[in-house]
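Enquirer: Take this structure, written in structure tokens, and hold onto it; I'll ask about it next.
The values are calculated or read from the model by the stated rules, or taken from the named source; none is laboratory data. It should be emphasised that the depicted structure is a prediction, and the values quoted were computed from it without experimental measurement. When we count neighbours, we look across all protein chains shown, and the Cβ atoms used for this are built from the backbone with ideal geometry, even at glycine.
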Amino acid sequence: MYFIVEDDASVADALESLLSGAGLPVRVFASAEELIHSASLKPEDTMIVDLGLPGMSGSELVRHLEKAGATPRVIAISGKSSRTIARETEGLSDLKILRKPPAADWLEAITA
Amino acid sequence: MGEVEDRKTAVSEARFESLLDTAADGIIVIDEAGRMLAFNKICEALFGYTSEEAIGQNVSLIMPPEFARSHDRFLANYHRTGERRIIGIGREVSGMHRDGTVFPLELSVGEATTAEGRQFIGVLRDLRSRRAVEQRVSQLQAQVVHMTRLSAMDEMGAAMAHELNQPLTALLLYLQAVARQIKAFHADGKPPSDKMLAVLDKAVQEAERASHIVQRMRQMVEKRDPERATVDLREVVNEALDLSEFVAQGATVTIRRVFGMTPIHVDADATQIQQIILNLLRNALEVAKESEERWVKVSIGSDERSAFVSVTDSGPGFSEDVGKSLFRTFSTTKKSGMGLGLAISRAIAQNHGGDLMADPGGNGQGATFTLMLPMHRADGTEDDMRE
Ligand SMILES: Nc1ncnc2c1ncn2[C@@H]1O[C@H](COP(=O)(O)OP(=O)(O)O)[C@@H](O)[C@H]1O
Ligand SMILES: [Mg+2]
């Protein structure tokens, strides 16, 4: 299962179109809190998370899931500068980062 | 014009002359035929003729040729019809120095009836220096307005990139999705589905969202002459608030809009008015951010003559001391402040025939800044005012 956590409705919808168009199962959440509240993730899941979420941030969500023992594959998306991204994701292992706007085909990057 | 009337009798010739020469303005007296009867010291300096040279000559001597020709006609016309074009009015005219230099003058003309017939007394003021100062001031003002726009841009730059990023990301992902599907359908020999077309529509919407952001930013940056138009103040303010939400994004300050239902028409340069609103809003957001309640309220109202936009915040207000120099240029209490926001905002407001007022608040009340603009005066019907 692919979990999208993105507060911008259009970006979330476009990403969903891309994944579900390829026949992948997708669930979309507008915030970290929403995901924590209503889903439990397994190691074989993939979470695509915006780093700049309002409320609990993307990296906080990843840390929260790690602590809870649920460690899905994580792909972080962000439009911030590389320096900010590095600072925000410090200490997080195994994290693929996709920068907005996309420079390459994201479906390939996500399913790779 | 009593003095002139009396000059032959009460005031001696000599005294009249010294009176003329101590005057700070140029003074010329002419008769009905346009002949100069008096020409004071200031005029000598202005025009480069001595009074001996000037007196007795036609006043057209000190006018550029195109005016000289019509002056005699003016005089004749006035004698015939009594129609006043300049007497008692005062206006800007051109003078010509002996060396041919043409320059602007403010001229006011009075009329006196004497035993020798009608005489006209002209008071002249050289407008060159005043004009230069005025030009400099308006140049500076335009520059300063442009500067704050740019510094606002600086702050917005990062936020803007973020804002543009979202529609561009969505747009590209929609296009990637639809491109894949078209390829797959094409391989199967099927025509594109409605679903793909729907995704394409969404892509177009996102592209429009991106270009709208760019357009609005461009409007803010481009330096242009004031363009007055009849606008609905609510729309103008709304747009500025939308724009500033770029800056406030992610921030926790709530912006409350208190607008009425009816349009409030003013004659204004919308971009300049937005500049004022943005300045007020930036100040308000800065203090509201540090306050407990974290809100800024923007309300719009009007009475018969004036429209008002008030910006209130949940901050602490300002002290009497700060209040004294608030609108002065370069007066700031902030480490990195320029102290230009309010000064420029007031200048723009006054240029529009309005004003900017400040209420200090205090005792738990935030400051309130109120922009006042004259209401548009409806000459025709109120309804078809707007396109
Ligand atoms: N909403 C406000 N509440 C309290 N003080 C304010 C407010 N707005 C402006 N001021 C005061 O007025 C000063 C001048 O403001 P401004 O002309 O915008 O310049 P700057 O923001 O660069 O300091 C500020 O430094 C601040 O002390
Ligand atoms: Mg300011």
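Enquirer: Of all residues in the range B:60-85, count the ones that are modelled with pLDDT under 90, of a type in the set (V, I, T) and surrounded by 15 or more Cβ atoms within 10 Å (Cβ to Cβ).
Expert: 0
Enquirer: Name the single residue, out of those in the range B:114-153 being at pLDDT below 80 and outside any helix (DSSP H, G or I), that is surrounded by the most Cβ atoms within 10 Å (Cβ to Cβ). Before you say what the answer is, go through the steps one by one.
Expert: Taking the range B:114-153 as the starting set, the residues that turn out to be at pLDDT below 80 are B:114-116, B:129-153.
Checking the rest, the ones that are also outside any helix (DSSP H, G or I) come to B:114-116.
Values: B:T114: 16, B:A115: 7, B:E116: 10.
Filtering first and then ranking leaves B:T114.
Enquirer: I'd like the full set of residues that are within 20 Å of B:S94 (Cβ to Cβ), surrounded by fewer than 17 Cβ atoms within 10 Å (Cβ to Cβ) and touching a Phe, Trp or Tyr at 6+ places or on another chain (Cβ under 9 Å), limited to the range B:22-59.
Expert: B:Q57
Enquirer: What's the number of the only condition in (1) surrounded by 15 or more Cβ atoms within 10 Å (Cβ to Cβ); (2) within 14 Å of another protein chain (Cβ to nearest Cβ); (3) of a type in the set (K, R) that A:R73 fails to meet?
Expert: Just one mismatch for A:R73, condition (2).
Enquirer: When the residues of the range A:79-92 are narrowed to those that are assigned to a loop (DSSP other than H, G, I, E, B) and within 14 Å of the chain's Cα centre (by Cα), which ends up nearest to B:T169 (Cα to Cα)?
Expert: The first filter runs over the range A:79-92 and keeps only residues assigned to a loop (DSSP other than H, G, I, E, B), leaving A:79-81, A:89-92.
After this cut, where a residue has to be within 14 Å of the chain's Cα centre (by Cα) as well, the list is A:79, A:89, A:92.
On the way: A:G79: 9, A:T89: 21, A:L92: 24 Å.
Going through the qualifying residues, I end up with A:G79.
Enquirer: On to the next question. Would you confirm, using the coordinates I've provided, whether B:E290 is surrounded by fewer than 20 Cβ atoms within 10 Å (Cβ to Cβ) and within 16 Å of ligand 2 (Cβ to nearest atom)? Please lay out each step first, then the result.
Expert: Numbers: surrounded by fewer than 20 Cβ atoms within 10 Å (Cβ to Cβ): yes; within 16 Å of ligand 2 (Cβ to nearest atom): yes.
In short, yes.
Enquirer: Filter the range A:18-65 down to the residues that are assigned to a helix (DSSP H, G or I) and of a type in the set (S, T, Y), then identify the one that is farthest from the other protein chains (Cβ to nearest Cβ). Give the derivation first.
Expert: Within the range A:18-65, the subset assigned to a helix (DSSP H, G or I) is A:18-21, A:32-38, A:58-65.
Next cut, of a type in the set (S, T, Y) only: A:20, A:38, A:59.
Working: A:S20: 9, A:S38: 24, A:S59: 15 Å.
So, considering only residues that are assigned to a helix (DSSP H, G or I) and of a type in the set (S, T, Y), the one farthest from the other protein chains (Cβ to nearest Cβ) is A:S38.
Enquirer: All but one of (1) over 14 Å from B:V237 (Cβ atoms); (2) among the β-branched types (V, I, T); (3) within 12 Å of ligand 2 (Cβ to nearest atom) hold for B:V311; which doesn't?
Expert: If we test B:V311 against (1) over 14 Å from B:V237 (Cβ atoms); (2) among the β-branched types (V, I, T); (3) within 12 Å of ligand 2 (Cβ to nearest atom), just (1) comes out false.
Enquirer: Working carefully through the options A:A12, A:A76, find the one that is in a helix (DSSP H, G or I), within 23 Å of B:L172 (Cβ to Cβ) and touching a strand residue (DSSP E or B) at 6+ places or on another chain (Cβ under 6 Å).
Expert: Working: A:A76 fails: in a helix (DSSP H, G or I).
Being in a helix (DSSP H, G or I), within 23 Å of B:L172 (Cβ to Cβ) and touching a strand residue (DSSP E or B) at 6+ places or on another chain (Cβ under 6 Å) holds for just one of A:A12, A:A76, which is A:A12.
Enquirer: Can you tell me how many residues within the range B:271-287 are surrounded by 22 or more Cβ atoms within 10 Å (Cβ to Cβ), within 9 Å of ligand 2 (Cβ to nearest atom) and modelled with pLDDT under 90?
Expert: The total comes to 1.
Enquirer: Quickly run through the range B:283-328 and pick out the residues that are within 30 Å of B:T262 (Cβ to Cβ) and among the aromatic types (F, W, Y).
Expert: If the condition is that a residue be within 30 Å of B:T262 (Cβ to Cβ) and among the aromatic types (F, W, Y), then B:W295, B:F308 are the ones that fit.
Enquirer: Further question: Which is away from ligand 2 (no atom under 15 Å from the Cβ), of a type in the set (V, I, T), out of contact with any Lys or Arg (no Cβ under 8 Å at 6 or more places or on another chain) and in the same structural domain as B:D355 (by TED's automatic domain parsing), of B:V266, B:V298? Before the answer, list the steps.
Expert: Working: B:V298 fails: out of contact with any Lys or Arg (no Cβ under 8 Å at 6 or more places or on another chain).
Criteria check complete, one pass: B:V266.
Enquirer: Of the residues in the range A:76-96, how many are within 14 Å of chain B (Cβ to nearest Cβ) and in contact with a helix residue (DSSP H, G or I) (Cβ under 9 Å, 6 or more places away or on another chain)?
Expert: Pass one, the range A:76-96, residues within 14 Å of chain B (Cβ to nearest Cβ): A:76-85, A:88.
Applying the additional criterion that residues be in contact with a helix residue (DSSP H, G or I) (Cβ under 9 Å, 6 or more places away or on another chain) yields A:76-81, A:88.
So the count comes out to 7.
Enquirer: If you don't mind, another one. Tally up the residues in the range B:192-203 that are loosely packed, with under 13 Cβ neighbours inside 10 Å and within 12 Å of B:L168 (Cα to Cα), please.
Expert: Qualifying residue count for the region: 0.
Enquirer: Could you check, for the range B:324-332, whether at least one of its residues is assigned by TED's automatic domain parsing to the domain that holds B:D242 and within 10 Å of ligand 2 (Cβ to nearest atom)?
Expert: The first filter runs over the range B:324-332 and keeps only residues assigned by TED's automatic domain parsing to the domain that holds B:D242, leaving B:324-332.
If we keep only those that are within 10 Å of ligand 2 (Cβ to nearest atom) too, we end up with B:332.
Yes - at least one qualifying residue is present in the range B:324-332.
Enquirer: Sticking with this one: Out of curiosity, is B:S331 near ligand 1 (Cβ under 10 Å from one of its atoms), surrounded by fewer than 17 Cβ atoms within 10 Å (Cβ to Cβ) and within 22 Å of the chain's Cα centre (by Cα)?
Expert: Numbers: near ligand 1 (Cβ under 10 Å from one of its atoms): yes; surrounded by fewer than 17 Cβ atoms within 10 Å (Cβ to Cβ): yes; within 22 Å of the chain's Cα centre (by Cα): yes.
Against the criterion (near ligand 1 (Cβ under 10 Å from one of its atoms), surrounded by fewer than 17 Cβ atoms within 10 Å (Cβ to Cβ) and within 22 Å of the chain's Cα centre (by Cα)), B:S331 qualifies.
Enquirer: Within the range A:24-32, is even one residue basic (K, R) and modelled with pLDDT under 95?
Expert: Here is the first cut: in the range A:24-32, the residues basic (K, R) are A:27.
Narrowing the set further to residues that are modelled with pLDDT under 95 leaves none.
No, the range A:24-32 has no match at all.
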